[in-house]
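Okay, so here's the structure we're looking at.
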Amino acid sequence: MIIVVFFIILQKFWMKMKNVYIETYGCQMNQADSGIVAKVLKENNFNLVSTDKQADVILINTCAVRDNAEKRIHNRVHDLQSLKKKKPYLQIGILGCMAERLKESLVKEDKVDIVAGPDSYRKIAELIDNATKQYKQKHDLKHFEQSIDVELSKEETYEDIIPIELNTDGISAFISIMRGCENFCSYCVVPYTRGRERSRSYQSIVEQAENLFLQGYKDITLLGQNVNSYIYEENGEKINFAKLIEKVAQVNPLLRVRFATSHPKDISEELIDTIAKYDNICKYIHLPVQSGSNRMLEKMNRKYTVEDYKQKIEMIRKKIPDCALSTDVIAGFCSETIEDHRATMDIMSWVGYDSAYMFKYSERPGTLAAKKFDDDVSEEEKIRRLNEIIDLQRELSLQSNRKDIGKTFEVLVEGMSKRDENKYFGRTSQNKVVIFDKQNTRKGDYIKVKIDDCTSATLFGSIC
Ligand code: SAH
Ligand code: SF4
Ligand code: F3S
């Protein structure tokens, strides 16, 4: 009897005290999600480690938005398989959007042990334990299914789980305010990998912001695929995104608040007014245009026209004259002509974006575009158009940065410059990176910096 009990305890110990390494790819939401996974693991007595070499379990939180994002993960898993030869008990798990998209094929083709979709993280400890049992059963393929959970939920927001801040600088943090997306832009896989849109309670968001501030964090970003459709209703009170961000801004004037991403069809005047009203809501809006051609926008199912988009920009410029703007652009979407491409360059120049994330179109299986439209712009032409867009944006960013020379900005000190240990870097409210001499400043300080010089990516200044 005593031996049996001892064996059970030993087995539990062996099963639970595993070292887990979490690797994160993809968007900021995945970074926030990895913090949730880490918290669930910690509560189940797993050890979190900071290198893959120390790990018994490697969890890779993945992105499926473009084909090259997925290729990178397949290659990484392939490399890890050779590590597995030396360390046969090593378990490999795929989390996130690729897990949701590819499901059991990851077990069959990539030979991973655990597959957990974005709404399955509460079960992550259980999934690892099941995979351990399977390992003991000598890789009997029939049992692999036990370690797959890709069920999407209509309600899950993980709002009661306070995430662990992984790879943190102690200054900036993300707060996930909602999950899923129901916009179904025709090129995009996210609605299929993340499921229905749902908002987290505003109380839990404000509480997380308060806790982060108490721990010394000074810059938080509220995250959602389309933050403008945040809506939380309780006791007849409706909290929309403008009201939510106001509540978060009121946590403390020394806490900077940012947000991403805004869909142009939903960004409201009320939100713009709220941003204008609070000094600590950053004067920076990421408003992805995707294309400057109305024909493309309709085909993309974006539900706005170039004219609507320009009106929104004009409203922002009028109400917040110092607001920085950034965008996402897709080059070479189905049937895009040279005229459509030029129209994209035109809107970019018209807005004069401060920065942009630029991509070439990548067909995603299962999306409307994959089912209905020909991916008919050649790879060569996509690359050519993308490069033109990148060159244009570099010029626009340089012009925008040059305008800042001679001006003074409030900068939040975020850390040491990568190139020079006598210098620090921080960001302006407009999300521009500034490099300056360290002097007597410390991480987390707000300082005034006068801009002396710039490149297209960085501002250089001196402390006033
Ligand atoms: N919810 C956000 C963006 C999420 S994905 C929004 O609507 O703006 C981030 C960006 O990836 C998108 O804005 C888009 O520019 C790009 N993207 C999405 N699907 C893509 C695809 N199939 N090929 C190329 N880029 C894509
Ligand atoms: Fe994708 Fe469109 Fe949703 Fe953004 S809004 S995540 S681009 S479907
Ligand atoms: Fe990628 Fe999923 Fe984010 S597809 S962009 S990780 S929501």
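What follows draws every value from the coordinates through simple rules; no lab data is involved. What you are looking at is a predicted structure, and each value in this text was computed from that prediction instead of being measured. All Cβ positions, glycine included, derive from the backbone under ideal geometry; neighbour counts span all protein chains shown.
Structural remarks
- Eligible aspartates and glutamates near LYS108 by straight Cα distance, threshold 13 Å, same-chain separation 8 or greater: ASP140, GLU145
- Restraint check, LYS247/LYS403; LYS277/LYS299; LYS39/LYS84; LYS247/LYS371; LYS42/LYS154, Cα-Cα greater than 31 Å: LYS247/LYS403; LYS277/LYS299; LYS247/LYS371
- For the chain, the 222 nm mean residue ellipticity estimated from helices alone, with every DSSP H stretch of n ≥ 4 adding -39500 (n - 2.57) and the total spread over all residues, rounds to -12000 deg cm²/dmol.
- Restricting attention to the range 140-252, close to 55% of DSSP beta bridges with both partner residues there are antiparallel.
- Taking PHE184, PHE174 and counting other C-beta atoms within 10 Å, the order from fewest to most: PHE184, PHE174
- Relative to the dominant Cα principal axis of the chain, helix 306-319 is inclined by about 70°.
- For the chain, the normalised intensity computed at q = 0.13, 0.14 Å⁻¹ comes to -1.32, -1.46 (log10 of I(q)/I(0), Debye sum over alpha carbons, equal scatterers, no solvent).
- Order of TYR25, TYR309 under a 10 Å beta carbon neighbour criterion, fewest first: TYR25, TYR309
- Extension gain (nm, one decimal) between ASN301 and ASP279, 0.36 nm per residue minus Cα-Cα: 4.4 nm
- Stokes-Einstein D for the range 144-273, Kirkwood Rh over Cα pairs, 20 °C, 1.002 mPa s (µm²/s): 135 µm²/s
- Chymotrypsin sites (Phe, Trp or Tyr not before Pro) restricted to the range 228-307 and DSSP loop, no more than 12 other C-beta within 10 Å: none
- At an R0 of 30 angstrom, the distance between the Cβ atoms of TYR89 and GLU151 translates into a FRET efficiency of 0.60.
- Here GLU381, GLU165 are placed in order of increasing Cβ neighbour count within 10 Å, fewest first, which gives GLU381, GLU165.
- Neighbours of VAL49, meaning other residues whose beta-carbon lies under 11 angstrom from its beta-carbon, give a summed charge of 0 when Lys and Arg score +1 and Asp and Glu score -1.
- Length released on extending from ASP160 to LEU254, taking residue separation times 0.36 nm less the Cα-Cα span: 31.3 nm
- Label-point gap, in nm, between THR168 and ARG196 - each point 7 angstrom along Cα→Cβ: 3.2 nm
- Of all DSSP beta bridges in the range 64-222, antiparallel share, percent nearest 5: 20 percent
- With at most 13 neighbouring Cβ atoms within 10 Å, loop trypsin sites (Lys or Arg not before Pro) (DSSP) excluded, longest segment of the chain: 155-406
- Net charge contributed by nearby residues that have their C-beta within less than 11 Å of VAL248 (K/R +1, D/E -1): +1
- Radius ratio Rg over Rh of the range 51-198, counting only Cα atoms, Kirkwood formula for Rh: 0.97
- The charge dipole of the chain, taken about the Cα centre with unit charges on the Cβ atoms of Lys, Arg (+1) and Asp, Glu (-1), comes to about 1000 debye, rounded to the nearest 20.
- Separation in nanometres of the label points that stand 7 Å from Cα toward Cβ, at GLU381 and SER50: 5.0 nm
- For the chain, Cys with no neighbouring Cys Cβ under 4.7 Å: CYS27, CYS63, CYS97, CYS181, CYS282, CYS323, CYS334, CYS454, CYS464
- Placing a label point 7 Å from the Cα of GLU421 along the Cα-to-Cβ direction, the residues of the range 436-457 whose backbone N falls under 19 Å from that point are 436-443.
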